[in-house]
1. Go through region A:76-136 and name the trypsin sites (Lys or Arg not before Pro) that are in a DSSP coil and have 11 or fewer other Cβ atoms within 10 Å of their Cβ.
2. Does region D:247-299 come out rounded, prolate or oblate by the C-alpha gyration tensor, with a ≥ b ≥ c the root eigenvalues, rounded set by a/c under 1.5 and, if not, prolate when a/b is larger than b/c and oblate if not?
3. Hydropathy first: keep DSSP H helices in chain C averaging at least -0.5 on Kyte-Doolittle, then drop any whose Cα extent along the axis falls short of 15 Å, and list what survives.
4. May I ask you to sort A:Asp223, B:Asp78, C:Asp64 by Cβ crowding, counting other Cβ atoms within 10 Å and putting the fewest first?
5. Given H placed on each backbone N at 1.01 Å, which residues far from B:Ala30 in sequence or on other chains put an amide H within less than 5 Å of it?
6. Of all DSSP beta bridges in the protein assembly as shown, what percent run antiparallel (nearest 5)?
7. Per DSSP H run of n ≥ 4, the term is -39500 (n - 2.57); total these for the protein assembly as shown, divide by its residue number, and report the mean residue ellipticity at 222 nm rounded to 500 deg cm²/dmol.
8. Give the peptides B:111-122, A:32-43 in descending order of average Cβ contacts within 10 Å, highest first.
Amino acid sequence: MAKAYAKDFTTKELIAAFIARQVRDGERVAVGAGLHVPRAGILLAHLLYCPNVRLYMVMTFTNVLKEPKMEPFYTVTDFRPAKWAEAYVLHDDFQENPRLVSNMFVVGALQIDPYGNSNLIGVGKDYRRLTFRGPGAIGTTSMAHYVDRYYLYVQSHDRRIFVEKCDFISTVGWGEGGADGRRRLGLPDNGPTYCITPLCLMDFEPQTKRMRLKSVHPGVTVDDVVRNTGFELIVPDIVPETEPPTVEELRVLRERIDVEGMLRT
Amino acid sequence: MAKAYAKDFTTKELIAAFIARQVRDGERVAVGAGLHVPRAGILLAHLLYCPNVRLYMVMTFTNVLKEPKMEPFYTVTDFRPAKWAEAYVLHDDFQENPRLVSNMFVVGALQIDPYGNSNLIGVGKDYRRLTFRGPGAIGTTSMAHYVDRYYLYVQSHDRRIFVEKCDFISTVGWGEGGADGRRRLGLPDNGPTYCITPLCLMDFEPQTKRMRLKSVHPGVTVDDVVRNTGFELIVPDIVPETEPPTVEELRVLRERIDVEGMLRT
Amino acid sequence: MALERKSLVIDEREAASWIRDGMTIAIGGFINSSHPMAIVRQIIRRGVRGLTVIGPASGGLDLDLLIGAGCVRKLVTAYMGGEHYCPVAPMFRAAVEHGELEVWECDEGMYYCALRAAAQRLPFTPWKAGIGTSFPEVNPDIKVFTDPITGEPLLAIPAIKPDIAIIYAAHADPYGNVQHIGTGFGDRALWRAADRTIVQVERIIPNEEVRRNPLATSLYGVDAVVRAPYGSHPFAAPGYYIEDAEHLREYVAAAMTYAKHGDRGPFDAYLRRYVLEPETHADYLEVIGIKRLISLHEY
Amino acid sequence: MALERKSLVIDEREAASWIRDGMTIAIGGFINSSHPMAIVRQIIRRGVRGLTVIGPASGGLDLDLLIGAGCVRKLVTAYMGGEHYCPVAPMFRAAVEHGELEVWECDEGMYYCALRAAAQRLPFTPWKAGIGTSFPEVNPDIKVFTDPITGEPLLAIPAIKPDIAIIYAAHADPYGNVQHIGTGFGDRALWRAADRTIVQVERIIPNEEVRRNPLATSLYGVDAVVRAPYGSHPFAAPGYYIEDAEHLREYVAAAMTYAKHGDRGPFDAYLRRYVLEPETHADYLEVIGIKRLISLHEY
């Protein structure tokens, strides 16, 4: 049966549907509080496709299959969603085996280079006198190391973010590139899978591990992407449009997950 | 006021009273299940002198000041004494900071050398074909490292235990001796304080860190000790008798701690 | 004569008096929740200077306030922000950009390695995540070394030892048995690493209540207990109240005026009104007002 | 069509079928308590050989039985005994003295270092306690190395990774949320280190009961759950029953006959009667008898 795609949706809803397709049933998946779009995508996967996902949410593990709708929460320390908890996760215990917390992870960034190395530390040539001090790496360095796959996710797409070289690297991507870019560093081969932006999806070309345009979101041209990317992007001859959410996905997203409409703006 | 010493007591009760004098108020003290005499000594200290001791007992922390009498227990996994628990201690968490579990520790041994190095691994020249396989180190190697002071404790005193050289060392004492015996190994200066046996108490002479006779138990001669020790012991000119329990200590021991009389045999 | 256990209860003034210039202190909680604010404000009132502060793995605006008040020389943390209230903590950002604050840069995994090394009295613990990043470059305390077993490169994360940890929890008995509501975030790691620990609580409970649920005892024995109802305000307290969004927005607006425009006026006014002028925690609560406080009760 | 969560409940036969010759398996509990005996006995029935067994930090007579039954090639543990029932586990002692069993010699601190390294996917973690002892000599996997920061000597304790951990707990829901009664000893460390975990429980409880007390959830998600009432017998089960002292004495007497006199008769008779002849865990319980079982209820 052909999928019934939705026609009227926002870019945020489109991205949530993409993220939903990345989740695999039975996995553990960390659900951030601050990143509303990835959170909605993971919950969408859970409610529609992955009943056995174990959600790591506000420092608890849970499964919300039976929840008719999710109330919103905005901070990782909001204790109210812990009412759904099946287990508490002590944050210090977490580091004993981060794989028990999540199989996939979403990493934000101030800067991203062509090989998917990313920076949350700050911007400036001199670490002792940064021109912009970032929030810090949070747990991204370690989580990206332990999960099976991670996703770069930014909420704007411009040449300040996508740069030839990050001023600092807080989470390693494919290193200096090449099929063995990570193995040369002595690291496992779990570099970033996709880079998700408000304009497009990008992946990494297997031989060079350089960023490659994979699809553009509706209304965005390849030129829009190229113009707003500060390094040379690999652009295939044919660049499809990003797969839209289905009618069912959009319904569940709006009725059960994003009840307050944060993704509709 | 002069202490009113008891007259009629067993060697086990004598040792319990000695151990009681080693405990300091406010400390954390691990109470083993299997070693009845040290356990009784620690409980005696708690009930008479150290109301703020935190007892680590059957994997819980507690304070039993208000208990009129302790019921006996024989295994570290007996869950019944956990009824007194103020906290549970996960055994894996324990190793995160062993000092949070105990400030003092009692170490048993199959063999002990003149510098207080001790062996729980086994007896034999070839580790691959031991003539007697011991129980293993348990946690003694690590606990003795972390506590402020530790005590060697054996339930018999003979030349098979007190040997010139241990076949294997599972808990390091004063190394190869000398005032800097442990510092030369890169270790802190918390080697064994006393060695407690059914015949006597021994300490370690400060310059050589060799074992030295400190006191003999009632009815034991210096010669009894020397004859049953397989290495040359430092014997001072005057060797006093071990300080007996007080009347009050003996009463509390018998009425509230050793109710089943294990120390009276 | 029956022996009695000694109460470890002190007030926030005595607790803050343990903190002296130049010490290394750890402050518990997580971003917008569970900070021992009665003690933090008293530390500011006392004018303590030159502190090395170990925040939670992810630090919040409590640390930002301490930085803005001039108490902090060096900060150990993997994140400094207020989530949706502000992406980067403003006074932190300004102090770093002006070269006035040293940061011990790490991620959360490395942070717990450093605390575990301190707790285990080890010089370091190894970590793999971070190979290929800038951490060993921006934090020279972190060394790349060769694993003695496999020969692969690893990071050596050195021990960081707090002289004193100051932790917020829901309850404690007078003898220092502490019970958190919820997970307690990384508070146990701070307690394990520190030489001494002070815990600030909403309520002091009887020892009998601790014994009723020993599974809930999160820190089995601390050195002092401070009672301060609403003591995490303006941050959340699991089981008691949510964060005071309006107050946090007021703080962020004041601090951002400095971070963006270099004007300390609004921040200093905040500091005077909420920290320096109230003499005690109870005085602070009067400034906030009971109406606001009860509006935050969790539901 | 409403989606449903998948039950992870299997029986002890299926659980034991996960264990294959030559695997590295971890078995939970502590000395005389909390061993997954229904699965252990089924492993013996299946005649599995060449196992590397990671016991608890301090191992008990459950492992002694596995050794006596010929399943074990190598054992990782810091202690092997039965406390006052027997100071050294008899079949263990005999196997070592005959050169038939390899021991990965460690103390409890080193044991958790090895498991943590496995859980954290690190080649090793460092440990200071043990410098000056025979451990690096009798266990060549443990290396003395020089700390890259201070230059002091340290032990490198290498990772030991269980393919499968088999753990006993009081309760689990059908989805693998596990709740211990009591501390759970070091079971969490085994679960964290292992690739897969099977938990054997007294009772399977509804998910709603798990949610009623999430603080009690000790292992948040395992791969399979086996229901086996009285499943730790003859060992204790916190909250359910104490150890069966009479049965343990019977075992020790049989095993000691071999250890002291080289006569396997009584041990083999024990093995036949209690392990090989009963086809299932329920059959084993019939051999023990309900009268004996209810006499062990904790009080």
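Just so it is clear, none of the values below were taken in a lab; they were calculated from the coordinates. In this text the structure is predicted, and so the values were computed from the model without any measurement. Don't worry about glycine lacking a Cβ; one is built from the backbone with ideal geometry, like all the others, and counts go over all protein chains shown.
1. Filter output for region A:76-136: A:Lys125.
2. Details: a/c = 4.14, a/b = 1.58, b/c = 2.62.
Taking the square roots of the gyration eigenvalues as a ≥ b ≥ c, region D:247-299 is oblate.
3. Numbers: long enough: C:108-119 (16 Å, 0.37); C:245-261 (23 Å, -0.36).
Taking the DSSP H segments of chain C (at least 15 Å long, mean hydropathy at least -0.5), we get C:108-119, C:245-261.
4. Working: A:Asp223 10, B:Asp78 22, C:Asp64 29.
Ordered from fewest to most neighbouring Cβ atoms within 10 Å, A:Asp223, B:Asp78, C:Asp64 come out as A:Asp223, B:Asp78, C:Asp64.
5. HN-HN under 5 Å from B:Ala30: B:Tyr56, B:Asn103, B:Met104.
6. Working: 68 of 164 bridges.
If we restrict to bridges inside the protein assembly as shown, about 40 percent are antiparallel.
7. -7000 deg cm²/dmol
8. Values: B:111-122: 26.2, A:32-43: 24.0.
Result, highest mean Cβ count within 10 Å first: B:111-122, A:32-43.
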